[in-house]
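Visitor: Once you've had a glance at the structure underneath, I'll fire off some questions.
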Amino acid sequence: MSDTDGKKPLGLRGGPRAGNVKQSFSHGRTKNVVVETKRKRVMVPKPGGVKPSMQSPVNSDPSKRPAGISDAEMDRRMKALQAAKEQEASDAARRKAEEEERAKNRERRRAEAEAKEREEREREDALKAKADEDAKRKAAEEAARARPADPAPAADPAAAAAAPSGRGAPAKPTPARKERDDGKDRGKPRGGARDDGRRSGKLTLNQALRGGEGGRQKSMAAMKRKQERARQKAMGGNVEREKITRDVQLPEAIVVSELANRMAERVADVVKALMQNGMMVTQTQSIDADTAELIIEEFGHNVVRVSDSDVEDVITAEPDDDKDLEPRAPVITIMGHVDHGKTSILDAIRNARVVAGEAGGITQHIGAYQVEQDGAKLTFLDTPGHAAFTSMRARGAHVTDIVVLVVAADDAVMPQTIEAINHAKAAQVPMIIAINKMDKPEANPDKVRTDLLQHEVIVEKMSGEVQDVEVSAQTGQGLDELLEAIALQAEILELKANPDRAAQGAVIEAQLDVGRGPVATVLVQTGTLKQGDIFVVGEQWGRVRAMENDQGKRVKVAGPSVPVEVLGLNGTPEAGDVLNVVETEAQAREIAEYREKAAKEKRAAAGAATTLEQLMAKAKDDENVTEMPIVMKADVQGSAEAIVQAMEKIGNDEVRVRVLHSGVGAITESDIGLAEASGAPVFGFNVRANAPARNSANQKGIEIRYYSVIYDLVDDVKQAASGLLSAEIKENFIGYAEIKEVFKVTGIGNVAGCLVTEGVARRSAGVRLLRDNVVIHEGTLKTLKRFKDEVAEVQSGQECGMAFENYEDIRAGDVIEIFERQEVERTLS
Ligand code: GDP
């Protein structure tokens, strides 16, 4: 503009002696530049956004340049200024135009892609035919080598067609592509003239082979690439160069490297394209789907939007071919009542059978171990207890093949024994009964056997099918027989797995080790887990850095039914989490992130997972569901039995009620675990859930229903079973109060001095007296006092006095439950 006269004052659009020039840079930064008319050197901040190389040709007349360089600089400023302004104005317009064009282009490209695909297929066929020919006639190889010149030009226009199809996006991506195309030209064998030019700077294949000519040395990798390219050409056709339009699966967020991977483009190109679109990201960062879509289109591929949950699809659930299956060791869990000797039996087997020695006989505890029985391996889960069993089942890990139920011969079938039986039945896992403590003089194994009959466990000695073995963990008596029984049972089960696939396993236990980071004991269930494998486990992911077996030895591979300790996780998973090996780190991360998000949402929406209504809705949708599982706890054995009997009578051809577990006493965490694992609701008849169970139920979204009239319970279940249950809420718990002291007041009787621990106590509401979570009285209040005054309501955290109408047996430590009835019309079947 003003490069003819350096003396003229510089200013915005030639304005008179403007003192300030506002300089805008493309990234939104602006600077104020002071401009003087004198030929003094002007104080100008470094011109960051101006590319000198672009300016120099315009401003390159050195004769005109005055002594000071300020004018020249001024010029550049001016140009930069103008350029920036113009760019700003045009940017917005262009972006809009781009958007529109992109939409148009998408349609066109799709058509093009289809055409290209067809073309490709034809070409592939042609190539195949050619390859066949080649194989037949070795002599024709020379001729074949000369031929690739034909398909190559055909490939070029195809690639070229793909490139300008992103016309909306300015010439930006094209340089990169141009380069590649040029490279293709250069790569052509007959380029004599150009070869000369290249000799000055770059190395040709021949030069390199002849040795160090040509000034610059290229890296080995570059050489190899070149050789590879030459080889590819010789093989017939520039196949790898062909632009293939891909359907790119695009989730709601994607890691840049994975995006490149899915498009089969170079990561660097993708990062470059993103930068050109104003996104400064590295290959490990995530970008949102909209941005990714722009990039995918720019590269000429098709976008296939997928929902979040589809990320899990990479975990292949293909069934194994029968011929790939190989026998695997059974996995055994030991269950039973507390103190009946579970731990003792596990230890006794381990000490007797695990190869002692290297580790000084003290084997490292990794939550599972393997023993040998007649050459066959048996895997024991070293985590006795029902919680471990159910929590695993609840998390989808069906780990256990055989349950060993330990019953002490000097005791009998106890509540937890029954629970274990129910757990095993619910999981449909075969049982073996180990009648323990046979060394004790008072041992009475037959009592155990008859006791078991009552719970529909008929042992062999009673002409049933369940194996029973008399053992003593202390003397070691019968342990061999127990192992034999297990081996026999395993044989019947014909357990098999395919060792030649991506591994899947279950976490037996996991912890954060101070020195080694998160460590998980994983039982491989199918496939083979190898060092270096990338995996996702629950909400965590990682790469197998190292593995140790149950004897503390480093191993590189672990096949089906082998327990190993795995190092290399990015977080601590939970027992029961399923581990899946995937192909790439990006996939693993994507799945883990998705699961974390989903789990968060689930927790947020807890309370609505397993309600009776949903269960029934599910039962209706899924025609295979013919059983409605329930867990039931009651205050006394008589009620429990009566309810179970009534339950078993409910049902028709389609739906049957199945009592997974019934017992006496408060609803515990174990009940909730069982309910969760089987998707069952929990019924409390005159009993309540204890605090841990309540929390657990809230968290897991398990419905607990309380009843005090058998008819109501049976009726509800009956209606649920026929799909008629209305979403009624009969009772709302509005508060809980704990009795601190009991006073005798003349004229009133026993008055409870209480602290309202939850919600409110309301005079008009119904009340129940709970002792050890069992309902012992239900009625109304005679009085509700705060200090000396009769009040209608007392809030949580406050003390009050309460007395029951017609009921005197209250004790310190009892809990008063305050509820209100809400009448909802019932649907009668
Ligand atoms: P768990 O709670 O089921 O794991 O039971 P433990 O294995 O901890 O055993 C409870 C108690 O029973 C311990 O004091 C053991 O020493 C004892 N015990 C276990 N097995 C036997 C046995 O075969 N004979 C005798 N006499 N005592 C046993």
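Visitor: Using the structure shown, decide if I729 is out of contact with any Pro (no Cβ under 9 Å at 6 or more places or on another chain), modelled with pLDDT under 80, under 22 Å from M628 (Cβ atoms) and not small (G, A, S). Break it down stepwise before answering.
Guide: Working: out of contact with any Pro (no Cβ under 9 Å at 6 or more places or on another chain): yes; modelled with pLDDT under 80: yes; under 22 Å from M628 (Cβ atoms): yes; not small (G, A, S): yes.
Here the answer is yes, as I729 does meet what is asked.
Visitor: Can you run down the residue pairs with Cβ atoms below 8 Å, 6 or more apart or on separate chains, where the first is in region 414-437 and in contact (Cβ under 8 Å) with a residue 12 or more places away in the chain and buried (at least 24 other Cβ atoms within 10 Å of the Cβ) and the partner is part of a helix (DSSP H, G or I) and hydroxyl-bearing (S, T, Y)?
Guide: Pairs that qualify, where the first residue is in contact (Cβ under 8 Å) with a residue 12 or more places away in the chain and buried (at least 24 other Cβ atoms within 10 Å of the Cβ) and the partner is part of a helix (DSSP H, G or I) and hydroxyl-bearing (S, T, Y), are H423/T390; N436/S344.
Visitor: Here's something else I'd like to know. Can you name the strands (runs of 3 or more DSSP E) wholly within region 522-599 that have at least 3 residues being surrounded by 20 or more Cβ atoms within 10 Å (Cβ to Cβ) and of a type outside the set (V, I, T)?
Guide: On the way: elements: 534-537, 540-548, 563-569, 578-582.
Correct list: 540-548, 563-569.
Visitor: Considering only region 727-789, give the strands (runs of 3 or more DSSP E) lying wholly within it that have at least 3 residues that are over 49 Å from the mean Cα position of the chain (by Cα) and free of Cβ contacts under 8 Å to residues at least 40 places away in the same chain. I'd like the intermediate steps shown before the answer.
Guide: Numbers: elements: 731-745, 749-762, 766-771, 774-786.
Because the criterion is at least 3 residues that are over 49 Å from the mean Cα position of the chain (by Cα) and free of Cβ contacts under 8 Å to residues at least 40 places away in the same chain, the strands (runs of 3 or more DSSP E) in region 727-789 that meet it are 774-786.
Visitor: If only one of V429, V457, V413, V404 is assigned to a loop (DSSP other than H, G, I, E, B), of a type in the set (V, I, T), within 16 Å of the ligand (Cβ to nearest atom) and on the phi < 0 side of the Ramachandran plot, which one is it? Please lay out each step first, then the result.
Guide: On the way: V429 fails: within 16 Å of the ligand (Cβ to nearest atom); V457 fails: within 16 Å of the ligand (Cβ to nearest atom); V404 fails: assigned to a loop (DSSP other than H, G, I, E, B).
Just a single option satisfies the conditions, and that option is V413.
Visitor: Can you tell me how many residues in region 432-451 are within 25 Å of A348 (Cα to Cα) and away from the ligand (no atom under 13 Å from the Cβ)? First the steps, then the outcome.
Guide: First, the residues of region 432-451 that are within 25 Å of A348 (Cα to Cα): 432-449.
In the following step, the residues that additionally are away from the ligand (no atom under 13 Å from the Cβ) were identified as 432-433, 444, 446-449.
Here the count works out to 7.
Visitor: Sticking with this structure for a sec: Out of region 688-711, which residues are closer than 12 Å to D671 by Cβ and among the β-branched types (V, I, T)?
Guide: Listed by number, the residues that qualify are I702, I704.
Visitor: Would you check which residues across region 335-350 are near the ligand (Cβ under 6 Å from one of its atoms), surrounded by fewer than 21 Cβ atoms within 10 Å (Cβ to Cβ) and not aliphatic (A, V, I, L, M) and list them? Can you show your working first?
Guide: We begin by selecting, within region 335-350, every residue near the ligand (Cβ under 6 Å from one of its atoms); these are 336, 338-344.
This time we only want the ones that are surrounded by fewer than 21 Cβ atoms within 10 Å (Cβ to Cβ), so: 338-339, 343-344.
Passing the criteria: D339, T343, S344.
Visitor: Taking the options E318, E312, E358, name whichever one is loosely packed, with under 13 Cβ neighbours inside 10 Å, under 27 Å from the mean Cα position of the chain (by Cα) and either farther than 30 Å from A490 by Cβ or at pLDDT below 85 (or both). Reasoning before the result, please.
Guide: Numbers: E312 fails: loosely packed, with under 13 Cβ neighbours inside 10 Å; E358 fails: under 27 Å from the mean Cα position of the chain (by Cα).
When all the criteria are applied, what remains is E318.
Visitor: Considering only region 502-520, I want to know if a residue exists there that is closer than 27 Å to L325 by Cα, in contact with a Gly (Cβ under 8 Å, 6 or more places away or on another chain) and assigned to a loop (DSSP other than H, G, I, E, B).
Guide: yes
Visitor: Output the residues belonging to region 463-491 that are in contact (Cβ under 8 Å) with a residue 40 or more places away in the chain and more than 16 Å from the ligand (Cβ to nearest atom). So that I can check it myself, show each step before the final result.
Guide: Going residue by residue through region 463-491, those that are in contact (Cβ under 8 Å) with a residue 40 or more places away in the chain are 470-471, 473-474, 476, 478-479, 482-487, 489-490.
Listed by number, the residues that qualify are E484, A485, I486, A487, Q489, A490.
Visitor: When you go through (1) within 16 Å of the ligand (Cβ to nearest atom); (2) β-branched (V, I, T); (3) in a helix (DSSP H, G or I) one by one for T383, which number turns out not to apply?
Guide: Looking at each condition in turn, T383 falls short on (3).
Visitor: Follow-up. Could you say whether any residue in region 625-640 is loosely packed, with under 12 Cβ neighbours inside 10 Å and modelled with pLDDT of 75 or more?
Guide: Kept after step one, since they are loosely packed, with under 12 Cβ neighbours inside 10 Å, are these residues of region 625-640: 637-638.
When the remaining residues are screened for being modelled with pLDDT of 75 or more, the result is 637-638.
Looking through region 625-640, at least one residue is loosely packed, with under 12 Cβ neighbours inside 10 Å and modelled with pLDDT of 75 or more.
The values are calculated or read from the model by the stated rules, or taken from the named source; none is laboratory data. Everything numeric here is computed off the predicted structure, so don't read it as measured data. Don't worry about glycine lacking a Cβ; one is built from the backbone with ideal geometry, like all the others, and counts go over all protein chains shown.
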